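Quick note: the coordinates plus some simple rules give every number you see, no bench work behind them. Owing to the predicted nature of the structure, the values given are computational and were not obtained by experimental measurement. Backbone-built Cβ (ideal geometry, glycine too); neighbour counts: all protein chains shown.
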Amino acid sequence: MISTVIRLARVGSGSELAAAVLLGLGYPCVMLAALIPDIWLFAGAGAVTYVADWYLHQKKSYLVDRLNSVRAGLPIRFLLRQLLLVLLLAREGLAEQPVFYATVACFLLFYGLQAPHGALTTLIRLRRTMPVVTRNVDLHGVRIPDAPPRALLHRAGEKMLHLDLPAVVGVVVAVVTGRHAFAYAGAAATLGLGVLSVLLLVPYVRRKRRVPGAGAVLRAVDTWLREYQPTVALYFSGSDEAAYQVNMWLDTMEGVDGRPIVVMREPELVPKLSDTAVPVLCIPGGQHTMARDWSTLRVTLYPANVGKNIHMLRVPTSKHAFIGHGDSDKLASVNPFSKVYDEVWTAGPAGRDRYALADVGVRDEDIVEVGRPQLAPIERWTGTPKNPVPTILYAPTWEGWDGDPGNTSLLRAGENIVRRLLDAPDPVRVVYKPHPFTGLVDKKAKAVDERIRAMIAEAAARRAADPRWAREAAAAQAGQAAARAELARIEARLAALSGPGRKGTDEAETSRVSLADPHRLAEVKRLRAEWNDAYWRSFGWWEHRVVTGTRPHLYDCFNESDGMVSDISSVVSDYIASGKPYAVTDSAELGADEFRRQNTAVRAAVVLSNSAVELDELLAAVADPAADRMAEERRALKRYLLGPDEPTSTERFNAAVRALAAEAEARNARVAQRLAGRTIGELDREDGAAPPGVGDDSPEAVAEGKGAAAPTAVG
């Protein structure tokens, strides 16, 4: 019941729901207390509204945005509380007393201070907003001053409004005690703090505290581009949740042949990038993107088909290749938009065949098989479970935009899958890793996700209470405690290395100080590997687990698992690299034969119906290699989907980059020759000379642009 209310109210937890209820009840109680009047009810209900409001803002609750949209935003709520306090004073018979006028004057002056405070914070932010956000780019031609202290600008309006607390508390105490000096002191404190907040912002408006104008910053970017001369670009644009689509290519870009660069369009995605030594240039404005000199680029790679790609596709000196962010049988893998690129790079022959079957205008000669360089961290299956209890990974994809029931198994089969795994006759460990987009379109998928998490938590608690597993836990207790301590140490060190520059700074200052530090990057990579190892050691090999967030990575979950259940997505194609058994759910109920016919990655899978009764076959294959009847099919399918093991995918990818760069060089040379020839002819005609091929047919004359007379037409 509570989970249903949480879902309908669109809050993230029971505590958020409680805060929302208290906020909704608090204001009527404050009004009632002011009318009665009852100073103690007023004080108690007012305190509840302060705390509930603060908590909802801390959690960035959806309800806060909803209140703003119905004109009940934070300033209105504070003003309402202050007006009710004035009403309370009147109802207490103090309307003719100096304390009443002092309170009214205090709140009027305090709200008068909101305008200059808001104007200054807005002006400072605007003057520190650059037309670009960078990482590993030396903008030495721009003087970027340090950012103001985070305390001054972070949630500045909310902090300013809370400065009414001294006045409110002072007036309440004055009413209770009858000593009006408390009200005067509170009002003076509120006004004094308000004036101080405004004055503290003034120095940051001065010229030397500002970031130079857009023109100066863009000239510095152009200077850096001329000096660095990038040759290979990874170009990306996407939503807030899509950072993983560019992150998966960063390691590949670090090892690419040439001078790589990552070009992005959404500044809010830059902080979500993984650590990389590759220069990152984020240019939000389309006009600024198109105005840069990209003439040194020879290859531009696109992980996503989005409208903003047009701003880079217009660069003629570069060749353009679509590389995608996954390789699956979904319709997104054969998007008709892909025909705008010079080449489309797929992992293996399966990608080539998909485009041929889809017939969306991508020519076979424009498809290049490069493998999947990102799959290098995936470990090969040994043929037997890693631990006494096999681990089954359930990694469903999200519901998609089109409402196709075949997109995700969560809605129709998710609970059945997890229930059968948890109740399997021979124990297994379940690791559940939902897609980060789950529930983005269909809230029912989010509700199922929450129920599955509850099921796994309940099963984990039952297993912990079972005597057999309790003995295992007791034996492993010391090792797990040591692993948890190691995790805490690693996380503290990673936090210290999380980014260049000071904590709480802004993007302008971060762009100034974010030059790549090879030693820091090497240590971060080492620590992340150590973190992953410690994470899996911090709990028992028999303990069910829900894994969310960026760590551990999906591929780390692959390596920990002995088998997987998933849906039609790149997750399945990637898992095939491990050689381990897997199952795919036929959520649309096409039937096993038709499901395999339509989806290449399912050819070596155990096909699950929505009841998931076929899971026994997967569990048998995981436990006993002799029962694994799909092993040979998986090996053949791996070659078909991902290409051969030799040469490696990294080698094939770099070979494709070199070949496409050579094509760009050849094209640019041809164009330069044509332009040079045309310009000479135009100059000759301007000088009154005969055009090439007229008047002289000697080789020397032809070389000089003078030729024999044109033949007379015969009528």
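Below, the figures for the structure above:
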| quantity | calculated |
| --- | --- |
| Top positive-direction residue, dipole computed over the chain with Cβ charges, set Leu139, Ala605, Leu642 | Leu139 |
| Average silhouette area of segment 214-374, convex hull of alpha-carbon atoms, in square nanometres | 9.1 nm² |
| Computed magnitude of the charge dipole of segment 214-374 (debye, nearest 20; Cβ of K, R +1, Cβ of D, E -1) | 460 debye |
| Principal axis dimensions, segment 120-208 - Cα atoms, whole angstrom, descending | 64, 21, 15 |
| Viscosity 1.567 mPa s, 4 °C: Kirkwood-radius Stokes-Einstein D of segment 12-121 over Cα pairs, µm²/s | 86 µm²/s |
| Alpha carbon centroid spacing (whole Å) that separates segment 244-299 from segment 155-201 | 49 Å |
| DSSP bridge orientation in the chain - percent antiparallel, rounded to nearest 5 | 10 percent |
| Nearest-20 debye value, segment 397-528 charge dipole, Cβ charges on Lys, Arg, Asp, Glu | 480 debye |
| Residue exposure sequence - Arg451, Arg354 - by fewest surrounding Cβ within 10 Å | Arg451, Arg354 |
| Length gained when the stretch Glu663-Arg125 is fully extended (0.36 nm per residue, less Cα-Cα span) | 189.2 nm |
| Furthest towards positive pole of dipole, Leu234, Gly93, Pro284, structure part the chain, Cβ charges | Gly93 |
| Between segment 557-625 and segment 69-94, the alpha-carbon center distance in angstrom | 60 Å |
| Helix-only mean residue ellipticity at 222 nm for the chain, each DSSP H run of n ≥ 4 adding -39500 (n - 2.57), per residue, nearest 500 | -16500 deg cm²/dmol |
| Point-to-point label distance, Trp54-Ala376, nm (Cα→Cβ direction, 7 Å offset) | 5.0 nm |
| Under the span-like rule (Cα at least 15 Å along the axis, Kyte-Doolittle mean at least -0.5), DSSP H helices of the chain | 14-35, 39-58, 74-91, 98-127, 165-177, 181-201, 214-228, 443-465, 467-496 |
| Counted charge near Asp38, where neighbours are those whose Cβ lies closer than 12 Å (Asp, Glu -1; Lys, Arg +1) | 0 |
| For the chain, size of Cβ-based charge dipole, Lys and Arg +1, Asp and Glu -1, in debye | 2740 debye |
| Potential lengthening between Thr550 and Gln287 on full extension [0.36 nm per residue; Cα-Cα distance subtracted] | 91.3 nm |
| Three semi-axes of the equivalent ellipsoid, the chain, Cα gyration tensor, whole Å, largest first | 54, 43, 23 |
| Dipole axis of the chain (+1 Lys, Arg; -1 Asp, Glu on Cβ), positive-most option in Leu487, Thr300, Asn559 | Leu487 |
| C-alpha center-to-center spacing [segment 504-529, segment 481-497] in angstrom | 18 Å |
| Extension gain from Leu199 to Lys443, taking 0.36 nm per residue of separation minus the Cα-Cα distance | 83.2 nm |
